[in-house]
Amino acid sequence: MRKELWSPLIQMTDMEESPTEMPYSASQISNRSRTHVGPPVDSAPRATSAVDFAKVFNTAMVKSRVPETPDFFAELFSLMETPEFKALTAAAQTLSEQESISPQEASERMIRVFRKMDQIWSSYLCQEGRERVLNS
């Protein structure tokens, strides 16, 4: 049944790759009319099954996805304008002055500590979750 739900998507994708390709034989024309996803080709009304609706819906879901292109610079700039980032740079400046190191070195040290803490917490939470699954 799962293959049935995706077959219209595959067929539509195949048709999109070569939209000008026309069927040359009667069997190709017959096969294309049997796999038609839209309204029935003949004028006689017929009941549409849930599987047919699922096929159409799944195809529409995939075709309607618009890939978002992130604007990295705009996002970075907006983050740099936040009070949180300003507090981080102020802390790096303070560390630089207290330890007599460059602002670059102070920033790198702070980032290394933060990343190490984040890694430890991630590992801990992953292990904790694993233990809960194993104990339940």
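If I filter the range 65-74 for residues that are acidic (Asp, Glu), out of contact with any helix residue (DSSP H, G or I) (no Cβ under 7 Å at 6 or more places or on another chain) and modelled with pLDDT of 85 or more, do I get at least one hit? So far as the range 65-74 goes, yes, one or more of its residues are acidic (Asp, Glu), out of contact with any helix residue (DSSP H, G or I) (no Cβ under 7 Å at 6 or more places or on another chain) and modelled with pLDDT of 85 or more. Please go through the range 106-120 and pick out each residue that is under 15 Å from Ala92 (Cβ atoms) and exposed (fewer than 14 other Cβ atoms within 10 Å of the Cβ). Once the filter is applied, which keeps residues that are under 15 Å from Ala92 (Cβ atoms) and exposed (fewer than 14 other Cβ atoms within 10 Å of the Cβ), the range 106-120 yields Glu108, Ile111, Arg112, Val113, Phe114, Arg115.
The values are calculated or read from the model by the stated rules, or taken from the named source; none is laboratory data. Treat the numbers as computed from the prediction; the structure is a model and nothing was measured. Backbone-built Cβ (ideal geometry, glycine too); neighbour counts: all protein chains shown.
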